[in-house]
Amino acid sequence: MGATGLIGKDVSASLNEAGHQTVAASRSSGADVLTGEGLAQALDGADVLVDVINSPSFDDEPVMQFFTTATRNLVDAAKSANVGHYVALSIVNCDGLPESGYMRAKVVQERTIVESGLPYTIVRATQFDEFAEGITASLRVDGEVRAPDAPIQPIAAADVAVEVARAAEARRAY
Ligand SMILES: NC(=O)c1ccc[n+]([C@@H]2O[C@H](COP(=O)([O-])OP(=O)(O)OC[C@H]3O[C@@H](n4cnc5c(N)ncnc54)[C@H](OP(=O)(O)O)[C@@H]3O)[C@@H](O)[C@H]2O)c1
């Protein structure tokens, strides 16, 4: 789910290359995590659900609404389809930055999966290398660069996708 995204494309390719049969689902394939439309068809016969969806808006309210509704719909659809493993991608220390609306929404996503009763694995990654320009741009304030006194360790999206695919092939973590 989210197979047309930055991570989703690579996860699908990795799993296909390894000989697995995948269903590349997202709105463009007719599966909408917000309305629930197409989820039952996408998950029909699936052993594993890989959740690498993302919200079109990162603003506090829409992003919370997106992950709350989407994850509830995905959990319900996964249960109805007897999916045996829910794999989701989240963010390192998302529960340590409640000032961020996006991180609060990721915490709700994680909690919904953990409390669903479904076997699950949550892979947590740091920021992707691909967003380095966005990160550095956000440090520019009034013509000055204000960098926090803290180390950061981004990771290439392709490396994250490999880990997510590996988790999908492995047994559940919890
Ligand atoms: N950015 C980072 O540095 C970072 C770090 C760690 C973890 N993550 C996590 O990685 C995950 C994937 O991120 P990404 O950058 O690969 O996302 P992305 O490129 O924005 O892709 C988002 C995917 O979600 C799908 N989608 C959006 N709305 C949908 C809907 N209503 N129904 C069904 N599918 C929908 C999109 O497809 P359609 O438009 O076709 O529907 C697309 O396939 C996110 O959960 C994010 O929190 C990101």
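Would you mind stating whether S26 is at pLDDT 95 or above, buried (at least 17 other Cβ atoms within 10 Å of the Cβ), of a type in the set (S, T, Y) and more than 9 Å from the ligand (Cβ to nearest atom)?
no
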Is one or more of the residues making up the stretch 22-32 of a type outside the set (S, T, N, Q) and touching a Leu at 6+ places or on another chain (Cβ under 6 Å)?
yes
Under 6 Å between Cβ atoms, at least 6 apart or on separate chains: pull out the pairs that start in the stretch 114-140 with a residue that is without any contact (Cβ under 8 Å) to a residue 12 or more places away in the chain and surrounded by 11 or more Cβ atoms within 10 Å (Cβ to Cβ) and end on any residue that is in a loop (DSSP other than H, G, I, E, B) and not β-branched (V, I, T).
L139/R146; L139/A147
Look at the stretch 6-17 and say how many of its residues are over 10 Å from the mean Cα position of the chain (by Cα) and buried (at least 18 other Cβ atoms within 10 Å of the Cβ).
5
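Yes/no per residue for (1) farther than 20 Å from G8 by Cβ; (2) hydroxyl-bearing (S, T, Y); (3) touching a residue at least 24 places away in the same chain (Cβ under 8 Å); (4) crowded, with 21+ Cβ neighbours inside 10 Å:
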{"residue": "E61", "(1), (2), (3), (4)": "yes, no, yes, no"}
{"residue": "A81", "(1), (2), (3), (4)": "no, no, yes, no"}
{"residue": "G96", "(1), (2), (3), (4)": "yes, no, no, no"}
{"residue": "E99", "(1), (2), (3), (4)": "yes, no, no, no"}
Mind counting the residues in the stretch 14-38 that are assigned to a helix (DSSP H, G or I), under 17 Å from V162 (Cβ atoms) and free of Cβ contacts under 8 Å to residues at least 24 places away in the same chain?
2
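Per-residue answers, yes or no, for (1) touching a Pro at 6+ places or on another chain (Cβ under 8 Å); (2) within 24 Å of R166 (Cα to Cα):
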position	(1), (2)
D60	no, no
M64	no, no
T71	no, yes
A78	no, yes
G84	yes, yes
L89	no, yes
Would you pick out the residues in the stretch 1-18 that are away from the ligand (no atom under 13 Å from the Cβ) and among the β-branched types (V, I, T)?
none
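The values are calculated or read from the model by the stated rules, or taken from the named source; none is laboratory data. Since the model is a prediction, treat every value here as computed from it, not as a measurement. Heads up, the Cβs are rebuilt from the backbone with ideal geometry, glycines too, and the neighbour counts pull from every protein chain shown.
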